[in-house]
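Chemist: Quick one: the structure is below, questions incoming.
The values are calculated or read from the model by the stated rules, or taken from the named source; none is laboratory data. Because the structure is a prediction, the values reported are computed rather than measured. Positions of Cβ are backbone-derived with ideal geometry, glycine not excepted, and every protein chain shown enters the neighbour counts.
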């Protein structure tokens, strides 16, 4: 079995459910390696919930040895309280990835990269994740979102040809449009675009 060119853990942090998904690229093919969710109980104290998220992510990272990590950027919340709680969950996820190069992507970029449309709904993104990663089973939404985040990173790294998320490119390269990226991936997956 060939070694992966790149193995990424995508993380979708949340205080109740944190999704994680490890994807890899070997040659020109992308595949899901493993994925799961870390569930916490709302009635538990917040420090216990945050510890469970942190330990769950550390276990996944230790088991699957990703070389890079990707996470969704923070977006605006209607409630300051829910934004604070999400920020805490995201903080422990960031801590779990310490020492691994990390990239962040906004929701529109993730949707656009995976489905070809920045306005795609969750069902469209889930179908494309399942198709592009040739998965047989459906996953919970947070797990699918984490796989989509990891897949987005694989796509952007492939297109940009970067060595690591923190590395600045030596020169500005022309990037493929999201539609062209999607078409190229779909064709590799054997889907008529």
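Chemist: I'd like to verify a number: residues in segment 19-41 that are modelled with pLDDT of 95 or more, more than 17 Å from residue 64 (Cα to Cα) and in contact with a helix residue (DSSP H, G or I) (Cβ under 8 Å, 6 or more places away or on another chain), how many?
Modeler: The qualifying residues number 2.
Chemist: Which of the residues spanning segment 68-89 are in contact (Cβ under 8 Å) with a residue 12 or more places away in the chain and over 13 Å from the mean Cα position of the chain (by Cα)?
Modeler: Those that are in contact (Cβ under 8 Å) with a residue 12 or more places away in the chain and over 13 Å from the mean Cα position of the chain (by Cα): 74, 75, 85, 86, 87, 88, 89.
Chemist: Considering only segment 154-175, I want to know if a residue exists there that is touching a helix residue (DSSP H, G or I) at 6+ places or on another chain (Cβ under 7 Å), under 21 Å from residue 64 (Cβ atoms) and modelled with pLDDT of 95 or more.
Modeler: Within segment 154-175 (the criterion being touching a helix residue (DSSP H, G or I) at 6+ places or on another chain (Cβ under 7 Å), under 21 Å from residue 64 (Cβ atoms) and modelled with pLDDT of 95 or more), the answer is no, since none of the residues qualifies.
Chemist: To continue, here is another question. Confirm whether residue 12 is free of Cβ contacts under 8 Å to residues at least 40 places away in the same chain and closer than 22 Å to residue 152 by Cβ.
Modeler: Judged against the criteria, residue 12 is not a match.
Chemist: Inside segment 118-134, can you point out the residues that are touching a residue at least 60 places away in the same chain (Cβ under 8 Å), surrounded by 16 or more Cβ atoms within 10 Å (Cβ to Cβ) and not in a helix (DSSP H, G or I)?
Modeler: Passing the criteria: only 133.
Chemist: Determine, yes or no, whether residue 103 is outside any helix (DSSP H, G or I) and in contact (Cβ under 8 Å) with a residue 24 or more places away in the chain.
Modeler: Yes; evaluated as a whole, the condition is true for this residue.
Chemist: Which condition number does residue 18 fail, the rest of (1) free of Cβ contacts under 8 Å to residues at least 12 places away in the same chain; (2) crowded, with 23+ Cβ neighbours inside 10 Å being met?
Modeler: Checking residue 18 against (1) free of Cβ contacts under 8 Å to residues at least 12 places away in the same chain; (2) crowded, with 23+ Cβ neighbours inside 10 Å, the one that fails is (1).
Chemist: Now for a separate question. Could you tell me whether residue 96 is touching a residue at least 12 places away in the same chain (Cβ under 8 Å), more than 30 Å from residue 2 (Cα to Cα) and touching a strand residue (DSSP E or B) at 6+ places or on another chain (Cβ under 9 Å)?
Modeler: no
Chemist: Report, by residue number, each residue of segment 42-96 that is out of contact with any helix residue (DSSP H, G or I) (no Cβ under 7 Å at 6 or more places or on another chain), closer than 23 Å to residue 147 by Cα and assigned to a loop (DSSP other than H, G, I, E, B).
Modeler: 65, 66, 67, 73, 76, listed by residue number.
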